[in-house]
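I have placed the structure first, in the form of structure tokens, so that the comments after it can refer back to it.
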Amino acid sequence: MIGTAIPRGLLPESAGVVGGHLTIAGRRVVDLVAEFGSPLFIYDEQQLIDRCREAVEAFGEGVAYASKAFLCTAMARVAFEAGMHIDVATGGELYVALAAGVPAERIVMHGNNKSDAEITMALESGVGRIVIDSFDEMDRIDRIVAGGLSAPRVLVRINPGITAHTHEYLQTGVPDSKFGFPLADDIARKAIDRASVSDSMTYLGIHAHIGSQVFDVASYRKAMSAIAPFLNDSGASEVSMGGGLGVAYVEGEQAPTMTEWALAIREAADAEGVTARISAEPGRAIVARAAVTAYTVGTIKEIPGTRTYVSVDGGMSDNPRPVLYGSGYEAFLASDVEAKRDRAVTIVGKHCESGDFIVRDAALPSNTVVGDIVCTPVTGAYGHSMGSNYNKVLRPAVVFVRGSKARTVVERETFDDLLARDVGGVS
């Protein structure tokens, strides 16, 4: 909001202000940028640990971290060591989780179009759960298990037909979705019946996911009510309600806590007589607020009567959410956290796209100059994981900070990295 300082509730939990400077876990952000470069993803590692532990306390054993939100080996280890399982959706995510030392039996394999190679990889490694998403996938599992691999334990993903109040691209539980078995025409029931009697898989229960960035826990109550008959009739021992819990990105937003989310789901389950063990797959709610992204201002371009553009050294390559979903963010100066942000600007990246903006309607202090470090908070989810190197822009480094010590967990991409897989050059 124009004229106000950045709301402290959007910053990492270890954030402080020393001499006007933002600190995370005791380290000044400007010093971290000087040491590790710009742009830079900076995570409060203790906050990651605490949110993982909160998830385990709220849902119990079996709750899984949705690694699509942010995955590297260090993050996988944080989640696992805090007691969480790891939810992966591709062979690549599975490979990283295994490389992090996560036992395969604590991994849940998702994906709406798992290939033969991915299913084989999952079965050979011994993943704890496979979430079945289609009859074609069941055919693949039948064929692969017939070839000599052990039958997996499975959850059947049901599309509960619930419209969550979020961006249409983030809705996964509506009737028209590429995910899961719909309730219509008894399709979901037929999938459960097939899994229940199959010699190629061991049926454990149901999975349901209604979408992402969901603020109203009533949507989860409706989803539980929709799938309860299938749980009770099939003798399911487990049910996962997926993830999607929303987080506050901008001033004025408020989101339920993990504990409130779990309580709403359990109350709905009790009301429906569901006895299956309840789990979930939080991702964004674990990592989003734990990080800020730090950029360096390179150009300030004022167009009188129209707009002021503040260009930074990143952009849609490190945070595509504003371009994909119109997502809003706040911004502030790392060197003057408590300053009134009294100048309306648009913060843009360096890509060759007019739509390459990070914060369309931003507010920064009027004394912002070239060379300043601008931060966007709540960037721990779907920044690094959805990033690219469009225009061959180098991907940022990722650092974890804890107890005043910072460590690189993902190195900054180099020009040599851009050619690592490019084999068509001059010999």
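Some observations on this one:
- ALA363 vs. criteria in contact with a Leu (Cβ under 7 Å, 6 or more places away or on another chain) and outside the structural domain of GLY60 (by TED's automatic domain parsing): no
- Any hit, region 335-356, residues being closer than 21 Å to ALA291 by Cα, touching a residue at least 60 places away in the same chain (Cβ under 8 Å) and in a strand (DSSP E or B): no
- Hey, SER366 hydroxyl-bearing (Ser, Thr, Tyr), more than 30 Å from ASP422 (Cβ to Cβ) and outside any strand (DSSP E or B) or not: yes
- Unique residue being in a loop (DSSP other than H, G, I, E, B) and either charged (D, E, K, R) or closer than 12 Å to THR376 by Cα (or both) when the list is GLU302, GLU330: GLU330
- Condition met for SER177 (modelled with pLDDT of 95 or more and surrounded by fewer than 20 Cβ atoms within 10 Å (Cβ to Cβ)): no
- Filter result for the condition that a residue is crowded, with 24+ Cβ neighbours inside 10 Å and of a type in the set (S, T, N, Q), over SER234, SER225, SER219, SER240: SER240
- One residue stands out among those in region 389-427 that are part of a loop (DSSP other than H, G, I, E, B) and among the acidic types (Asp, Glu): the one that is surrounded by the fewest Cβ atoms within 10 Å (Cβ to Cβ), which is ASP422.
- Every residue from region 252-301 that is of a type in the set (Asp, Glu) and in contact with a Ser or Thr (Cβ under 7 Å, 6 or more places away or on another chain): GLU272, GLU281
- The residues of region 187-218 that are part of a helix (DSSP H, G or I) and modelled with pLDDT under 90 amount to a single one, ALA218.
- Boolean, ALA271 is surrounded by fewer than 22 Cβ atoms within 10 Å (Cβ to Cβ), at pLDDT 90 or above and under 26 Å from VAL292 (Cβ atoms): no
A quick yes/no check of all residues on (1) more than 19 Å from ALA218 (Cβ to Cβ); (2) in contact with a Leu (Cβ under 9 Å, 6 or more places away or on another chain); (3) in a strand (DSSP E or B):
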| site | (1), (2), (3) |
| --- | --- |
| VAL247 | no, no, no |
| GLY252 | yes, no, no |
| TRP261 | no, yes, no |
| ALA264 | no, no, no |
| GLU267 | no, no, no |
| ILE278 | no, no, yes |
| PRO282 | no, yes, no |
| ILE286 | yes, yes, no |
| ALA294 | yes, yes, yes |
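- The selection criterion, being without any contact (Cβ under 8 Å) to a residue 60 or more places away in the chain and either touching a Pro at 6+ places or on another chain (Cβ under 6 Å) or hydrophobic (A, V, I, L, M, F, W, C) (or both), holds for MET241.
- Qualifying residue in region 359-378 (condition: of a type in the set (A, V, I, L, M, F, W, C), over 30 Å from PRO304 (Cα atoms), crowded, with 23+ Cβ neighbours inside 10 Å and in contact (Cβ under 8 Å) with a residue 60 or more places away in the chain): yes
- TYR169 being at pLDDT 85 or above, within 30 Å of PRO322 (Cα to Cα) and out of contact with any His (no Cβ under 9 Å at 6 or more places or on another chain): no
- Among the residues examined, ALA99 qualifies as on the phi < 0 side of the Ramachandran plot, surrounded by fewer than 24 Cβ atoms within 10 Å (Cβ to Cβ) and outside the structural domain of ASN319 (by TED's automatic domain parsing).
- Which numbered condition ASP87 fails, given (1) surrounded by fewer than 21 Cβ atoms within 10 Å (Cβ to Cβ); (2) touching a His at 6+ places or on another chain (Cβ under 7 Å): (1)
- If you go through region 91-132 and keep only what is touching an Asp or Glu at 6+ places or on another chain (Cβ under 8 Å), outside any loop (DSSP other than H, G, I, E, B) and polar (S, T, N, Q), you end up with nothing.
- Residue in region 323-341 that is farther than 16 Å from THR368 by Cα, crowded, with 21+ Cβ neighbours inside 10 Å and at pLDDT below 95 present: no
The values are calculated or read from the model by the stated rules, or taken from the named source; none is laboratory data. Computed from a predicted structure; not experimentally measured. Counting neighbours? That spans all protein chains shown, and the Cβs are built from the backbone with ideal geometry, glycine included.
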